[in-house]
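Here's the structure, in structure tokens; my notes come after.
Please treat every number below as a calculation from the coordinates, not as lab data. Computed from a predicted structure; not experimentally measured. In this analysis, Cβ positions are derived from the backbone assuming ideal geometry, glycine residues included, and neighbour counts consider all displayed protein chains.
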Ligand SMILES: Nc1ncnc2c1ncn2[C@@H]1O[C@H](COP(=O)(O)OP(=O)(O)OP(=O)(O)O)[C@@H](O)[C@H]1O
Ligand SMILES: [Mg+2]
């Protein structure tokens, strides 16, 4: 089953390529601004958040910017991929209603093009790293691993959302509302040590907590993340991917009935 | 490829929540109350027929009879609720054409996009592109975004890409009606060539003249059931009589 699905995806790799290109052209080609926007937007956000939070939390401004950006950009990748995925099947319904296409390809292409956006969005962070005195550490070489966890987790949630949205359109809105508190339950704008001990467990129930920590640690601390954090990140990523994949493939053949 | 297309006892059921709620909130509320009402609609009922290789089958029937649904089964777009569908060979579907296109992209980009949807790789498409653009006679519009095309032009583009796939089975759902006469002639010529090479065609049209002119056999669908299947003139005559009786 899995093998069949993968061979099918390979067979449709040109389509995957074209869908990613289409996403990116719609985003960047029509305006050069789109290209800069993807870097500018987080920078503007950073300035706002820095002004607000670095004073509240008595964070050094320099540290705060790195701390914030390394978590926020990864969160943005997750949030934007999943939101876009939640309507990708509905948007492409007119297409796969007429021609056979493996549906997973729409979700995967959405995540890939957002991965491209993430790599652009990380450029300012890496430029700021030496400027703000953090410097480059060997630990940065570890980043592909937490990135892989983030992709797995994101693909899983995207599978789940896109399939559910076919049957219940309002899931899309509900999810977007839900994302806001979710972001604040992930230590992105505040440091972990301001969280009172007795509330810490709430954060630890949040799967994104481990993935963000895993990604930020090598950048912010300049060393490898704790083994325990890594294992838990791998665990939540795998569980998400597995559940998402199983649900998606179970219902994939029926999507066209509801479009 | 010399196996027939076989549909065995095929049924398709669309299942809609009453008044098409599509809402998770409603779903939860209704599930708690314990009555989720579905409207069941059988778009096809116990359909059995075969199409031998090299044959052209015409499908007629009134709006909503289930013709497009039937073609979707053969194009692998849908799996039937019951029964089996066997389609040996590469299928090129043209079901309500134009759906495979993105209106923001140029003609050229759309040719590559639709090509990849139909399984033509970029490299293959590089080779085929000139022939496609020549067939459409839209060479001057290839860099224009599709939103600036007329609907006839879009149909041309779609037809040209689909025939470039080199299919063994072609599915034509009301596509020949849109182009102008000159383009229609061109399509007819291509269809004749395709059939000489042994290709199979399923053809849906509301133009009974076209059905009579091209098809070896015809199938009449009415409310999801086969009313008649056999030699074209006979089926078309029955269907015409029926249309006459409905109109009265
Ligand atoms: N996605 C869907 N959900 C629910 N019902 C559907 C869906 N698609 C089609 N139907 C129903 O199935 C029936 C058959 O539709 P179909 O499109 O196959 O008709 P058709 O014979 O192609 O008609 P036309 O000549 O107008 O193209 C129709 O009554 C239609 O309302
Ligand atoms: Mg139809």
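Averaging 1/r over every pair of different alpha carbons in chain B and inverting the result gives a Kirkwood radius of 19.7 Å.
From a point 7 Å beyond the Cα of residue A:24 in the direction of its Cβ, which residues of the stretch A:91-128 have a backbone N at a distance under 16 Å? Within reach of a label on residue A:24: A:108-123. Give the angle, between 0 and 90 degrees and rounded to the nearest 10, that separates the Cα long axis of helix A:2-11 from the longest principal axis of the Cα atoms of chain A. It is inclined by approximately 90 degrees. Peptide B:77-88 shows a mean partner chain C-beta count of 2 within 10 Å per residue C-beta. Only Cα pairs under 8 Å and 6+ residues apart enter the sum, and on that basis the relative contact order of the stretch A:2-257 stands at 27 percent.
Springs between alpha-carbon pairs under 10 angstrom, Gaussian network model over chain B: which of B:230, B:115, B:107 fluctuates most? Comparing B:230, B:115, B:107 in the GNM, the peak value goes to B:230. Counting only other chain Cβ atoms within 10 Å of each residue's Cβ, the peptide A:11-23 averages 5.
So, by mean Cβ neighbours within 10 angstrom, what's the order for A:242-252, A:145-155, A:40-50, A:203-213 with the highest one leading? Before the final figure, lay out the partial values.
Numbers: A:242-252: 16.8, A:145-155: 22.5, A:40-50: 14.9, A:203-213: 20.0.
Most protected by this proxy first, the peptides run A:145-155, A:203-213, A:242-252, A:40-50.
For chain A, take the longest principal axis of its alpha carbons; what is the angle in degrees between that and the long axis of helix A:104-131, to the nearest 10 within 0 to 90? It works out to around 20 degrees.
Applying D = kT/(6 pi eta Rh) to the stretch A:2-257, where Rh is the Kirkwood radius over alpha-carbon pairs, T corresponds to 10 °C and eta to 1.306 mPa s, the Stokes-Einstein value obtained is 82 µm²/s. From the alpha carbon centroid of the stretch A:196-259 to that of the stretch A:54-83 is 18 Å.
Order by neighbour count: B:102, B:166, fewest other Cβ atoms within 10 Å first, most last.
Values: B:102 19, B:166 13.
Lowest to highest Cβ neighbour count: B:166, B:102.
Averaged over peptide B:110-116, the number of partner chain Cβ atoms lying within 10 Å of each residue's Cβ comes to 4. Helix content alone sets the calculated 222 nm mean residue ellipticity of chain B: runs of n ≥ 4 DSSP H residues at -39500 (n - 2.57) each, divided across all residues, give -12000 deg cm²/dmol.
Entry note, chain A: the mean residue ellipticity at 222 nm calculated from DSSP H runs of n ≥ 4, each adding -39500 (n - 2.57), is -25500 deg cm²/dmol after division by the residues and rounding to the nearest 500. Could you state the angle between the C-alpha long axis of helix A:13-24 and the longest principal axis of the C-alpha atoms of chain A, as a value from 0 to 90 degrees rounded to the nearest 10? The angle comes out near 50 degrees. Listed by Cβ neighbour count within 10 Å, with the fewest neighbours leading, A:24, B:44, B:105, A:141 appear as A:141, A:24, B:105, B:44.
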